[in-house]
Each structure stands twice: as structure tokens, then as C-alpha cells.
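The block underneath contains the structure these notes are about, expressed in C-alpha cells.
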Amino acid sequence: MRANYGYTDGSGEWYITIDTNKCDGCRACEEVCPEGCFAIEVDDYDDEVAMVTEDQRKKIKYSCGPCKPVGKEHVEPCHEACPHGAIEHSW
Ligand code: SF4
Ligand code: SF4
């Protein structure tokens with residue numbers, strides 16, 4: 001399942017997507033994110049998966065702005081940290 005967290009406003013789409021089929025709850029994203037965007041929860045199948053915290057869902061544009069790639073070399077820390085490529089952003 002792909003879980004989308006975020007919102008659309010006049011300046012664009014600001015979403016973090018977590019592929020819960022790929023996520024194994026390793027917590028690497030939680031540890032690396034400077035804004036505390038991630039937490040681990042137990043899903044309906046009793047698996048531990050990452051989610052975006054309630055607080056951060058309303059301000060992804062601002063929280064993730066400093067991590068936004070400028071050149072091709074730069075990758076968001078959470079994308080780089082995730083061993084399963086489970087995290088995407090809508091930009
Ligand atoms: S882009 Fe940066 S601030 Fe946003 S979730 Fe990833 S590590 Fe956290
Ligand atoms: S780093 Fe990837 S696999 Fe690990 S908890 Fe985060 S989303 Fe899941």
C-alpha cells in the first residue's frame with residue numbers, strides 16, 4: 001500500500017509517500033530526519049511501518065524545504081537512508 005501524507009496548496013503538491021509493502025520498520029528514516037517527520041506505528045497487519053507524524057503532515061513544504069534537491073547529486077537524507085526505497089516526495 002502507498003500511504004500519502006501531506007496537502008495541496010496554491011504553490012503545489014506537498015506529499016510524502018511511504019510504500020508500506022516495502023517498509024520493514026527499520027527506523028532509519030526516523031533517525032536521519034532532522035525535522036522528526038517520521039514515527040513507527042503498528043499497522044492493521046501487526047507490522048511495524050513508518051508514518052509521517054500528525055504535526056508534520058501540515059507543514060511538509062517548510063519542514064522538507066531545506067532537504068529539497070538542488071542538483072542531481074543531492075538526495076533527501078530520508079531517501080538515502082531507506083534501505084528499501086520506500087519513501088518518495090511529490091516533487
Ligand atoms: S526530506 Fe528531509 S525533512 Fe523531509 S522527511 Fe526527508 S529527511 Fe525529513
Ligand atoms: S527507512 Fe524505509 S524501511 Fe526503514 S522505517 Fe523508514 S520507510 Fe521503513
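Structure summary
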item: Theoretical gain in end-to-end length, Asp9 to Glu73 [0.36 nm per residue, Cα-Cα removed]; result: 20.2 nm
item: Fraction of alpha-carbon pairs over 18 Å apart in segment 2-89 - percent; result: 39 percent
item: Contact order normalised by residue count of segment 2-89, Cα under 8 Å, 6+ apart, percent; result: 33 percent
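Bear in mind these aren't lab numbers, they're just calculated from the coordinates by the rules spelled out. As the structure is a computational prediction, the values presented were derived from the model and not from experiment.
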